[in-house]
């Protein structure tokens, strides 16, 4: 499974990355620190799963998700 991590706190994002790297079936294909970055990376990297923080600066995780779902309807 190709995973995109979206989290604005670097330490928490790094912790998620380290945890996910221990699972053979998971491949973290990208990391984003903002909603805007999440939308752009989702388009470019085409992950299967996005772990999205909802409390992001400027563009919230909820708003980012609303922009991603129409262009990638199969995403989880």
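What full-extension length gain, to one decimal in nm, is calculated for residue 54 and residue 22 as 0.36 nm per residue of separation minus the Cα-Cα distance? Don't jump to the answer; show the numbers that get you there.
On the way: separation 32, 0.36 × 32 = 11.52 nm, distance 2.47 nm.
So the chain would gain 9.0 nm between residue 54 and residue 22.
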Relative contact order computed over the chain (Cα-Cα under 8 Å; 6+ residues apart), in percent: 36 percent
Between the stretch 55-76 and the stretch 15-31, the alpha-carbon center distance in angstrom: 20 Å
Linear extension gain, residue 75 paired with residue 44, 0.36 nm per residue minus alpha-carbon span: 9.8 nm
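Can you show me the helix-derived [θ] at 222 nm for the chain, built from DSSP H runs with n ≥ 4 at -39,500 (n - 2.57) apiece and divided by the number of residues, rounded to the nearest 500. Let's see the in-between values first.
On the way: 3 runs with 33 residues, N = 76.
Here the helix-only value at 222 nm equals -13000 deg cm²/dmol.
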Alpha-carbon Debye profile of the chain, log10 I(q)/I(0) at 0.14, 0.27 Å⁻¹: -0.38, -1.30
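Read-outs: derived from the displayed coordinates by stated rules, not from any lab. What you are looking at is a predicted structure, and each value in this text was computed from that prediction instead of being measured.
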